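Structure first, then comments.
The values are calculated or read from the model by the stated rules, or taken from the named source; none is laboratory data. Predicted, not measured: the structure shown is a model, and the values here were computed from it. Counting neighbours? That spans all protein chains shown, and the Cβs are built from the backbone with ideal geometry, glycine included. To get the accessible areas, we keep the full protein, side chains included, count just its heavy atoms, and leave off ligands, DNA and RNA. Shrake-Rupley method; radii C 1.70, N 1.55, O 1.52, S 1.80 Å.
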Amino acid sequence: MSGTTAAAPKKGLPKKLRENLIAYSFIAPNFIGFCIFTLVPMVFAICLAFCDWDGAHAIEFIGIQNFVDLLDDDTFKASFVNTIVYTVGTVPLTLVCSLGLALLLNQKVKFRNLFRTVSFFPYVASLVAVAAVWNMIFSPSMGPINQLLAALGVAQENLPRWAAGKDTAMITVILFSVWKNMGYYMVIYLAGLQGTNPELNEAAELDGANKWQIFWNVTLPQLRPTTFFVIIMLTINSFKVYDQMYMFTQGGPGNATMTLVYDIYNVAFVNTPRYGYASAISMVLFILVLIVTLIQFRGCLLYTSDAADEL
């Protein structure tokens with residue numbers, strides 16, 4: 001009999017299973033955090049939208065009564081309209097300003113990096129600080145903007161009240177939001193411009209195209225994925241706006257700047273909590289954002305397919 005024996009097979013997990021377990025171990029912390037802090041609260045909020053709960057007494061199932069009550073809630077109606085108005089005013093204006101800044105600062109100009117930094121600074125600056133500065137600048141009585149208008153001949157009674165006026169409060173918040181956020185989207189557009197093909201611009205210029213024709217027919221089509229991303233992010237962030245309203249107007253004057261998220265905050269955490277009713281408003285906001293995003297996504301796909309057919 002031979003002195004050597006066959007080596008015993010190694011016991012343990014199969015190699016493929018070990019690799020999968022290692023991969024899942026890296027994913028697990030983030031996935032567990034997502035489940036605890038996002039998925040579970042979201043499911044609970046959906047269930048709570050059909051219940052009545054003040055946090056102190058037992059949860060009571062009331063069906064769709066919360067959604068029925070929304071139809072008679074004037075504050076909810078005002079916040080719904082204001083959210084749409086804010087989004088319609090903010091998204092295109094921020095898109096145009098950020099793209100214009102990106103095109104300008106993509107050129108070879110002196111102090112280009114300095115101008116890029118200055119343009120991006122409002123986005124990273126403290127919201128409390130810049131909101132306080134804007135409130136002073138646009139103060140109806142002592143603000144330099146109104147003092148300049150008065151010096152130009154505008155009568156005292158005709159001076160805008162900006163954040164203190166029902167007719168101008170939303171405009172003031174929109175202007176502030178555009179100024180604060182356009183630097184961030186400018187950086188995204190700058191990254192998109194770096195990925196465009198400069199040879200197409202040179203070919204169009206040799207064919208006699210002017211600056212506007214080159215931008216509209218050559219540069220802008222290459223920025224379609226970037227533009228789609230910017231529009232989606234701007235739209236979602238606009239529907240979720242809260243901090244600007246809180247710092248500027250607290251939803252006033254009256255309900256002039258009350259938005260859905262601010263209304264959710266008031267219903268859930270101010271005065272007597274109504275968590276079920278606040279969850280119902282959250283579901284309306286979720287459905288609204290979902291519908292708008294799907295429409296935008298569908299429109300982008302159609303636009304891209306039409307452009308591919310033309311090519």
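What the table shows:
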| read-out | value |
| --- | --- |
| Length released on extending from Val85 to Gln107, taking residue separation times 0.36 nm less the Cα-Cα span | 4.5 nm |
| Glu202/Ile27 FRET efficiency (R0 30 Å; Cβ-Cβ; nearest 0.05) | 0.05 |
| Sites Asp69 and Gln296, calculated FRET efficiency, Cβ-Cβ separation with R0 30 Å, nearest 0.05 | 0.50 |
| Whole-number percent relative contact order across segment 133-284, with pairs defined as alpha carbons under 8 Å at least 6 apart | 19 |
| Distance in nm between pseudo-label sites at Glu60 and Phe37 (7 Å out along the Cβ direction from Cα) | 3.5 |
| For the chain, convex hull of alpha carbons as volume per residue, Å³ | 321 |
| Probe 1.4 Å, accessible area per residue of segment 169-311, Å² | 52 |
| Under 5 Å, built H, 5+ apart or other chain: amide partners of Cys51 | Ile62 |
| Pairwise centroid distance, computed over Cα atoms, of segment 100-141 with segment 158-177, Å | 20 |
| Area of Ile32 that stays accessible when all protein chains are in place (1.4 Å probe, Å², to 10) | 90 |
| For segment 179-248 and segment 46-71, distance of Cα centres in Å | 43 |
| Estimated D of segment 173-311 in µm² per second, where Rh is the Kirkwood radius over Cα pairs and Stokes-Einstein applies at 10 °C, 1.306 mPa s | 87 |
| Fraction of accessible area attributable to carbon and sulfur, the chain (%, probe 1.4 Å) | 67 |
| Furthest towards positive pole of dipole, Asn66, Gly55, Thr90, structure part segment 1-137, Cβ charges | Thr90 |
